[in-house]
Amino acid sequence: MARRAGVAIGTLYRHFPTRDDLLAALLERSLAELAERADAMRAAPVTVEALIGWLRAFAEHSGTYRGLPRSVLVGLEEEGSPLHAACVHMRDAAARLMAAAQEAGVVRPDVPVEDVLAIVAGIAWVAEQAGGAGRADRLLDLVRDALTAGR
C-alpha cells in the first residue's frame, strides 16, 4: 500500500502505526456519510425499501476493503479502537433509521439494529469471499423478508 501511495513504508507506519489507524483515516468520512444518509432518510416517511437501500449501501461500503466488515464490527465493540467513534456514529444513525421504520410499522419491532448490522456485515464478507454483488442482493432480499415477516 505504501508503494502505491508513493511513500516509504516507514512514513506510512509513522503516520498509521496499525491497520486500524489507517482504516480510521480512510473511513472516517465515508462512515460519516453513511450516518448522514441514514439521518436524511428519516425526513420522509421511512419505508422498508428505504431501510434496505441504506443497508445495501452499508454492505457495499463494508466490501470496500478486504476484511472491513470485521474491522467495523470490532470498531463498534472496542472503545479503544481507532474506528470506534466513527463506527458508533454510523451505528447510532442506523439505529435511528431502524427505529423510525419500526415506529412506522414497516419492519418488525423486535429486531435490534446491532443484529441487522451484524447480518449485513456478514453478507458483505460472504460477497467478498464468493458471489459478489449478486449474492449480496439475494441475501439482502432475505433480510427484507425477515424484517417484514408478520407485518
Is there a residue in the range 27-44 that is among the basic types (Lys, Arg), at pLDDT below 90 and exposed (fewer than 15 other Cβ atoms within 10 Å of the Cβ)?
yes
Mind checking whether some residue in the range 107-129 is more than 18 Å from LEU31 (Cα to Cα) and modelled with pLDDT under 85?
-> yes
Pairing a residue in the range 42-64 that is touching a residue at least 60 places away in the same chain (Cβ under 8 Å) and closer than 18 Å to ARG108 by Cβ with any residue that is among the hydrophobic types (A, V, I, L, M, F, W, C) and open to solvent by 10 Å² or more (accessible area, probe 1.4 Å), where Cβ atoms lie under 6 Å and the two sit 6 or more apart in sequence or on different chains, gives VAL46/ALA100; VAL46/ALA104; VAL48/VAL106
For the range 89-103, pairs from a residue that is β-branched (Val, Ile, Thr) and open to solvent by less than 50 Å² (accessible area, probe 1.4 Å) to a residue that is assigned to a helix (DSSP H, G or I) and modelled with pLDDT under 95, with Cβ under 8 Å and 6 or more apart or across chains, are none
> Does ARG135 count as under 18 Å from ARG42 (Cα atoms), outside any loop (DSSP other than H, G, I, E, B) and modelled with pLDDT under 95?
Replying inline: no
Next item on the list: Please tell me if ARG91 is at pLDDT below 95 and not hydrophobic (A, V, I, L, M, F, W, C).
Entry: yes
Among ASP141, ASP39, the single one that is in a helix (DSSP H, G or I), in contact with a helix residue (DSSP H, G or I) (Cβ under 7 Å, 6 or more places away or on another chain) and acidic (Asp, Glu) is ASP39
The number of residues in the range 104-115 that are in a helix (DSSP H, G or I) and surrounded by 16 or more Cβ atoms within 10 Å (Cβ to Cβ) is 1
When the range 116-137 is checked residue by residue, the ones that are open to solvent by 40 Å² or more (accessible area, probe 1.4 Å) and within 13 Å of GLY53 (Cα to Cα) are ASP137
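The values are calculated or read from the model by the stated rules, or taken from the named source; none is laboratory data. None of these values were measured; they are calculated from a predicted model. Neighbour counts are summed over all protein chains in view; Cβ atoms, including those assigned to glycine, are modelled from backbone coordinates with ideal geometry. In case anyone asks, the SASA skips ligands and DNA or RNA and just uses the protein heavy atoms, side chains included. Shrake-Rupley method; radii C 1.70, N 1.55, O 1.52, S 1.80 Å.
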